[in-house]
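Data first, discussion second: the structure below is written as structure tokens.
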Amino acid sequence: MVLDPNKPASTNDFLPREVTSSGHCFSLEGRTGIILGAGGAARACTVALTMAGYAEIFVVARDAVKSRALCKSIADALSDVVPSRVQLHGCDFSRLPLMAPHLVVNCTPLGLKNEEVPSDIAALIKRIGPHGLFMDTVYSRGKSTKLCQVAAEAGIASGDGKSMLVEQALLAFEYWTGRKPPSELLWTAIDNATQ
């Protein structure tokens, strides 16, 4: 929620700033993104990609019914503001077309327990196209997540949940106060909290 004396407004916008902060500034329009999961984080990320003008977004979950329902609810809710060229697809992993996406976002709990990365997820991350990005909403204490490690080994830029939290906090602070906070302070705080 943004406090504006003329009109209240809200936002759920991490993606454009996240892409910029990762050093990969590129036009988001016409891109293909894959969201892993069908919960609240997946919904927020799907809305962000939709509003950013991605051409195709695949929401992939164990339960294809849930991923299709998520896509339908977003398409219905945003029908007045989403360009008709944006295509939302809900499916399970077995129905995901073979492609080189521009962005993959993990919105599942995979990695919270430091478990091994399933081979199909690792293969998907390694297919991310040139100048693409992998984002993980999960973060781990003191090091990058195993999914981000897979991306790094494949030469793919990545960010974990810590970078998302910091970028969201920077935006929220600026929206609420009208001032840009020192990002180093937030990074130090989250690094200290996750040692």
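From the list ALA151, ALA157, ALA169, the one residue that fits, being on the phi < 0 side of the Ramachandran plot, at pLDDT 90 or above and surrounded by fewer than 21 Cβ atoms within 10 Å (Cβ to Cβ), is ALA157.
Which of the helices (runs of 4 or more DSSP H) found entirely inside segment 143-195 contain at least 1 residues meeting this: within 16 Å of the chain's Cα centre (by Cα)? Spell out the reasoning first.
On the way: elements: 146-153, 161-177, 183-193.
Of the helices (runs of 4 or more DSSP H) lying wholly inside segment 143-195, those with at least 1 residues that are within 16 Å of the chain's Cα centre (by Cα) span 146-153, 161-177.
Scanning segment 46-70 for residues that are under 21 Å from ASP120 (Cβ atoms), part of a helix (DSSP H, G or I) and not β-branched (Val, Ile, Thr) gives ALA64, LYS66, SER67, ARG68, LEU70. For segment 119-148, the set of residues classified as surrounded by fewer than 16 Cβ atoms within 10 Å (Cβ to Cβ) and within 22 Å of GLY39 (Cβ to Cβ) consists of ASP120 only.
Restricting segment 89-106 to residues that are part of a helix (DSSP H, G or I) and in contact with a strand residue (DSSP E or B) (Cβ under 9 Å, 6 or more places away or on another chain) leaves a set whose member that is surrounded by the fewest Cβ atoms within 10 Å (Cβ to Cβ) is ARG95.
With respect to the conditions (1) under 24 Å from GLY155 (Cα atoms); (2) at pLDDT below 95; (3) touching a helix residue (DSSP H, G or I) at 6+ places or on another chain (Cβ under 9 Å), PHE58 falls short on a single one, namely (2).
The values are calculated or read from the model by the stated rules, or taken from the named source; none is laboratory data. Computed from a predicted model, the values in this text were never measured in an experiment. Neighbour counts are summed over all protein chains in view; Cβ atoms, including those assigned to glycine, are modelled from backbone coordinates with ideal geometry.
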